[in-house]
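Since the structure comes first, as structure tokens, the remarks are kept for the end.
The values are calculated or read from the model by the stated rules, or taken from the named source; none is laboratory data. Remember, predicted model here, so these are calculated numbers, not experimental data. So basically every Cβ, Gly included, is an ideal-geometry build from the backbone, and we count neighbours across all protein chains shown.
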Amino acid sequence: MVIWIVFAVITAAIIASLLHPLASGRVRVNGGEADAARVYRDQLLELDRELQANEIGRNEYEYARAETARRLFKASEPKREERQRLPHPRHPRRWLRLAVVAFLPLASIGLYVLVGSPDMPSRPLQARLEEPGQDIAILVAKTERHLASQPDDGRGWDVIAPIYLRTSRVVDARSAYRNALRLLGPSPVRLDGLAETLMAVSDGVVTEEARQVLEQSLTLEPDNP
């Protein structure tokens with residue numbers, strides 16, 4: 001039941017984001033004319049400034065102002081032929097909104113029914129821990145629960161340490177590698193993993209401890225590149 005509520009909320013949010021651009025009842029079609037009118041208004045202000053600064057004469061000012069005003073009026077008037085060619089926006093936009101509202105939920109539900117697992121029963125955490133399958137998160141949780149009750153299980157620390165490292169839990173990986181080395185003894189794999197973890201903890205810097213761990217690994221496997 002919860003998953004359907006989550007799906008409904010996500011679907012509603014997506015539909016709202018798609019319908020927002022269609023919410024306005026008017027389409028802007030005269031952006032170029034508006035820009036031109038703004039330019040002509042700026043020209044009129046510039047002419048007034050030049051007249052006050054005595055940079056142009058009164059006759060030149062009157063002529064330039066009349067010409068600029070004529071262009072401003074022309075740019076501000078909507079063209080009759082353009083108005084005749086404009087499609088009525090309501091019907092296409094209404095059908096588009098209906099298509100978004102109807103198609104998106106049906107498509108998402110159909111896709112989930114086709115490739116998802118809506119009939120799979122929910123399982124409590126304890127049941128998933130007992131049969132984790134291939135769920136890495138459940139496997140990690142199960143191993144952590146086991147190590148909490150048996151902290152001297154070196155094999156468990158040895159298994160979980162590289163998983164911690166791959167999932168960027170570098171601090172936990174460092175502790176796991178150290179426990180595995182303490183309980184199972186040194187090996188090139190464990191020492192290399194610990195060295196890599198120490199460098200990850202220090203943001204790529206080869207610390208003195210990491211250098212000593214790598215040298216210890218080389219004593220066990222001198223041909224390790």
Exercise. Between a first residue in region 4-26 that is under 19 Å from VAL113 (Cβ atoms) and a second residue that is at pLDDT below 70 and not in a helix (DSSP H, G or I), which pairs have beta carbons less than 9 Å apart while being 6 or more apart in sequence or on different chains?
Worked result: TRP4/PRO118
For this session: Working carefully through the options ARG182, ARG123, find the one that is of a type in the set (D, E, K, R), at pLDDT below 85 and surrounded by fewer than 18 Cβ atoms within 10 Å (Cβ to Cβ).
Result: ARG123
Problem set entry | Sole residue being at pLDDT below 75, of a type in the set (Gly, Ala, Ser) and surrounded by 10 or more Cβ atoms within 10 Å (Cβ to Cβ), chosen from ALA12, ALA64, ALA37, ALA23 | ALA37
